[in-house]
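Since the structure comes first, as structure tokens, the remarks are kept for the end.
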Amino acid sequence: METHTVLLDHGAGGKLAHRLTTELMLPILDNPILAALHDGAVFDLPPGRLAFSTDSYTVTPLFFPGGSIGDLAVHGTVNDVAMCGARPIFLSLALIIEEGLPLADLERILRDAAAAAQRAEVAIVTGDTKVVPRGAVDRIFINTAGLGVIAEGVHIGGHRARVGDRVLLSGTIGDHGMTIMTQRRELGLDLPLQSDSAPLNHMVRRMLAASPRIGVLRDPTRGGLGTALCEIAEQSGVGIRIHEAAVPVRPAVAGACELLGFDPLYVANEGKLIAAVPPQDAPAVLAAMRSDPLGRDACEIGTVVADRPGRVTLTTRIGGERIVDMLAGEQLPRIC
Amino acid sequence: MPLKHAEEYRDPALARRLAERIRQRSRRPVRLMEVCGTHTVSIFRSGLRSLLPDTITLLSGPGCPVCVTAQADIDAFVALAQTEGVIVTTFGDLMRVPGTRSNLLRERGRGRDVRIVYSAFDSLRIARENPDRQVVFLGVGFETTAPTVAATVQAAAQAGIANFSVYPAHKTVPPALQALLAMAEVAVDGFLLPGHVSVIIGTEAYRSVFDTHGVPGVVAGFEPADLLGAIAMLVEQIEENRPQLANAYPRAVCDQGNPKALALMKTLMRPVDAAWRGLGVIAGSGLELVEAFATFDARRRFVLELPEPQEPKGCACGQILTGARTPPQCPLFRTRCTPMDPVGPCMVSSEGTCAAYYRYHAD
Ligand code: SF4
């Protein structure tokens, strides 16, 4: 390519657009269905119920420790599909690019997306690119949609938590949110923070192999663990009781939260999941989580209870008790 | 600021022992007030109230800097944001505070340049990067923030950055305590004094307040055990009838405070009468820039047209801030007023009492 930035013409369907697709995108996202360059992807599906999900991604900065908007857009949708208990197979990838985005950045983002898809073992089979005038979007927005297949006998849903279920968490919380937060602004903090952006579908497969009776799976992204638990309690009409001491938080995340007045319970994650599992199956599912590289710090954080339906109660480290509510509005750094 | 936790003060066993000590000693019903937003949050987040006996009522006083900022000042912030060519820089929790007609978040949505910063120095950098714009920092906070703002103004003066200014709305804690104690409707039996503020001003800064009123005051840190330790000291003083000023946070706070920070404040700032939400005008409770640095005072630089300040209708923040009412006693609490759609500042700030009740307190 002669130019170094994305131009409006790149999205206009002409020669430049064709070259962007064939010379930059295809080699990176290499797979036979996409290479056919049809208007849509044509494929066969294995039998079973399907899960279908879509999400749009925008993040500042585009590149951050532990990931970029490219892998985030793949992981996010892969995880949404996986949280339905499905095995994600195909993804679509649509880019809305602000004119002037350096081509090197675009290439890096696509490479990250391709690597993420490979790691998750999903294929990006259809896509689209639009270029819009400066200021119409913030550098690049990405939309992905994902399709997955649900195995026989698996029934996952936010309304399926039952009294007595154990609540499992796959690892430390708040890593993604605090990484982005501290990158975005010049805090002058040099903290070893890294986003946890990762595909959770392999872990889900191991968990379902350990017990197909898992009732709830959820990835606590925006709104954090606290909000996700509240949603489950509300949808299932049960109470949830968790123990603060059992919830792992990295010291750097805890430190950054303390400084900015944030509660790690409400900070976003991009590579963690929670599950509600019948008590007799909990040990096996927990072992399955821990056998996955992304679930080494997995732990049981609480129990589904009958009292206070719709409410999440936290036993604090000092043995006190308080409620956990949904996050209301973005957390804004306090005066410190 | 140290990023390492004071882990030992988080030790659950120590906290339980202290709670037990309080339960054993406490006989008289007492009302204890903290005057620090970080204390408020720590108390709620740790569920500390659930460990205390019924004899102890914890009240949150005027400790949240955003909450105590007077309506007229909030209106001035909004007016600054609306001023052509101005970049307003602010701490995040001011964004949603409702002014009489608008708030900063809404102004930003309308295309005004309002930026969230973490320190006044970020604001100075923005001024350097935008020489053709006026950059105003909204100086809200207690003695903890004032020294950094003073240092920033000094740096701006030295570097000759003329497009930078501060809207001085800083407040100081001891005069507010004095005013609180003088208010008839405030019945407080003891104060938990703010740890961070005390690091700067030192324990002795409260001496005159506590020597005259016969009410105990104990400086407290922020870990649950710090707070429980301070509460235990207050309870013991009250039970033994020997009210005094004491320091339960000696690992961070000394008698005389931080001389460097105090000197900086003294060089650049002077006390002025200031209006507080809920407390009215308190003599000598604000800080403004001294004459030599007055060119950096945004109030001198901009002529602002302000509406007649009107506090949000039905909002009981004023009474919440003096401990006269608790949030559930406000008819708007949880109904019309939530953190998503806050009516008053006490619901806006993460350190506000209403927000803490909403988030952490079961009905
Ligand atoms: S609940 Fe809302 S309206 Fe009531 S005092 Fe608190 S902030 Fe004001």
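The values are calculated or read from the model by the stated rules, or taken from the named source; none is laboratory data. Remember, predicted model here, so these are calculated numbers, not experimental data. With ideal geometry, Cβ positions are generated from the backbone for all residues, glycine too; neighbour counts draw on all protein chains shown.
Only one of (1) more than 14 Å from chain A (Cβ to nearest Cβ); (2) near the ligand (Cβ under 9 Å from one of its atoms); (3) touching a residue at least 24 places away in the same chain (Cβ under 8 Å) fails for B:Pro342. Which number is that?
Looking at each condition in turn, B:Pro342 falls short on (1).
Six or more apart or on different chains, Cβ atoms under 9 Å: show the pairs whose first residue is in region B:235-261 and at positive phi and whose second is not hydrophobic (A, V, I, L, M, F, W, C).
B:Gly257/B:Glu143; B:Gly257/B:Ser198; B:Gly257/B:Gly202; B:Gly257/B:Thr203; B:Gly257/B:Glu204
Assuming B:Ser119 fulfils every condition listed in (1) buried (at least 21 other Cβ atoms within 10 Å of the Cβ); (2) at pLDDT 95 or above apart from one, which condition is it?
B:Ser119 satisfies all of (1) buried (at least 21 other Cβ atoms within 10 Å of the Cβ); (2) at pLDDT 95 or above except (2).
Going by the conditions given, is B:Leu332 away from the ligand (no atom under 11 Å from the Cβ) and of a type in the set (A, V, I, L, M)? Give the derivation first.
Working: away from the ligand (no atom under 11 Å from the Cβ): no; of a type in the set (A, V, I, L, M): yes.
So B:Leu332 fails the test.
Which residue out of A:Ala113, A:Ala104 is under 24 Å from the mean Cα position of the chain (by Cα) and aliphatic (A, V, I, L, M)?
Numbers: A:Ala104 fails: under 24 Å from the mean Cα position of the chain (by Cα).
Of A:Ala113, A:Ala104, the one residue that is under 24 Å from the mean Cα position of the chain (by Cα) and aliphatic (A, V, I, L, M) is A:Ala113.
Against the condition within 16 Å of the ligand (Cβ to nearest atom) and in contact with a strand residue (DSSP E or B) (Cβ under 7 Å, 6 or more places away or on another chain), how does B:Pro327 come out, does it pass?
yes
Looking only at region A:133-156, decide whether some residue is on the phi > 0 side of the Ramachandran plot and at pLDDT 95 or above.
For region A:133-156, residues on the phi > 0 side of the Ramachandran plot and at pLDDT 95 or above: absent.
For residues that are more than 13 Å from the chain's Cα centre (by Cα) and closer than 21 Å to A:Ala86 by Cβ, tally how many sit in region A:41-70.
Count: 12.
Restrict the check to region B:287-310 and report whether at least one residue is surrounded by 16 or more Cβ atoms within 10 Å (Cβ to Cβ), more than 16 Å from the ligand (Cβ to nearest atom) and under 18 Å from the mean Cα position of the chain (by Cα).
Within region B:287-310, one or more residues are surrounded by 16 or more Cβ atoms within 10 Å (Cβ to Cβ), more than 16 Å from the ligand (Cβ to nearest atom) and under 18 Å from the mean Cα position of the chain (by Cα).
Of the conditions (1) in contact (Cβ under 8 Å) with a residue 24 or more places away in the chain; (2) near the ligand (Cβ under 8 Å from one of its atoms), B:Met347 fails just one. Which one is it?
Among (1) in contact (Cβ under 8 Å) with a residue 24 or more places away in the chain; (2) near the ligand (Cβ under 8 Å from one of its atoms), B:Met347 violates only (1).
Does B:Ile282 satisfy being modelled with pLDDT of 90 or more and within 16 Å of the ligand (Cβ to nearest atom)?
Spelling it out, it is not the case that B:Ile282 is modelled with pLDDT of 90 or more and within 16 Å of the ligand (Cβ to nearest atom).
Counting just the residues of region A:294-330 that are free of Cβ contacts under 8 Å to residues at least 40 places away in the same chain and facing another protein chain (nearest Cβ under 7 Å), which one comes out surrounded by the most Cβ atoms within 10 Å (Cβ to Cβ)?
First pass over region A:294-330, keeping only residues free of Cβ contacts under 8 Å to residues at least 40 places away in the same chain: A:318-323, A:328-330.
Next, only the ones that are facing another protein chain (nearest Cβ under 7 Å) stay: A:318-323, A:328-329.
Values: A:Ile318: 26, A:Gly319: 19, A:Gly320: 24, A:Glu321: 16, A:Arg322: 24, A:Ile323: 19, A:Ala328: 18, A:Gly329: 16.
The residue in question is A:Ile318.
When you check B:Leu234 against the structure, is it under 18 Å from B:Thr322 (Cβ atoms) and not hydroxyl-bearing (Ser, Thr, Tyr), yes or no?
When the stated conditions are applied, B:Leu234 does not pass them.
Among the residues of region B:178-186, are any surrounded by fewer than 22 Cβ atoms within 10 Å (Cβ to Cβ) and at pLDDT 95 or above?
No, that holds for no residue.
Can you find a residue in region B:210-230 that is among the aromatic types (Phe, Trp, Tyr) and in a helix (DSSP H, G or I)?
Yes, some residue in region B:210-230 is among the aromatic types (Phe, Trp, Tyr) and in a helix (DSSP H, G or I).
Does B:Gly318 satisfy being within 16 Å of the ligand (Cβ to nearest atom), within 27 Å of B:Arg31 (Cα to Cα), surrounded by fewer than 24 Cβ atoms within 10 Å (Cβ to Cβ) and of a type outside the set (Lys, Arg)?
Yes; evaluated as a whole, the condition is true for this residue.
Does any residue in region B:297-316 that is more than 14 Å from chain A (Cβ to nearest Cβ) come within less than 6 Å, Cβ to Cβ, of a residue that is within 16 Å of the ligand (Cβ to nearest atom) and not in a loop (DSSP other than H, G, I, E, B) six or more places away or on a different chain, and which pairs are these?
Listed pairs, sorted by first residue: B:Pro309/B:Gln71; B:Glu311/B:Gln71.
Any idea which of A:Thr77, A:Thr126, A:Thr58 is crowded, with 17+ Cβ neighbours inside 10 Å, modelled with pLDDT of 90 or more and among the hydroxyl-bearing types (Ser, Thr, Tyr)?
From the options A:Thr77, A:Thr126, A:Thr58, the qualifying one is A:Thr77.
So which pairs qualify, if the first residue must be in region B:205-223 and on the phi > 0 side of the Ramachandran plot, the second must be surrounded by fewer than 24 Cβ atoms within 10 Å (Cβ to Cβ) and in a loop (DSSP other than H, G, I, E, B), the Cβ gap must be under 8 Å, and the two must be at least 6 apart or on different chains?
Filtered contacts from region B:205-223: B:Gly214/B:Pro243.
Consider B:Leu180 against the criteria (1) more than 20 Å from B:Tyr249 (Cβ to Cβ); (2) touching a Lys or Arg at 6+ places or on another chain (Cβ under 6 Å): it satisfies all of them except one. Which criterion is unmet?
Failed condition: (2).
Between residues in region B:324-335 that are farther than 17 Å from B:Met33 by Cβ and residues that are within 9 Å of the ligand (Cβ to nearest atom), which pairs lie under 6 Å by C-beta distance while being six or more apart or on different chains?
Filtered contacts from region B:324-335: B:Cys330/B:Ala316; B:Leu332/B:Gly314; B:Leu332/B:Val343; B:Phe333/B:Pro327.
Restrict the check to region A:252-266 and report whether at least one residue is under 20 Å from A:Leu314 (Cα atoms) and away from every other protein chain (no Cβ under 13 Å).
No, region A:252-266 contains no residue that is under 20 Å from A:Leu314 (Cα atoms) and away from every other protein chain (no Cβ under 13 Å).
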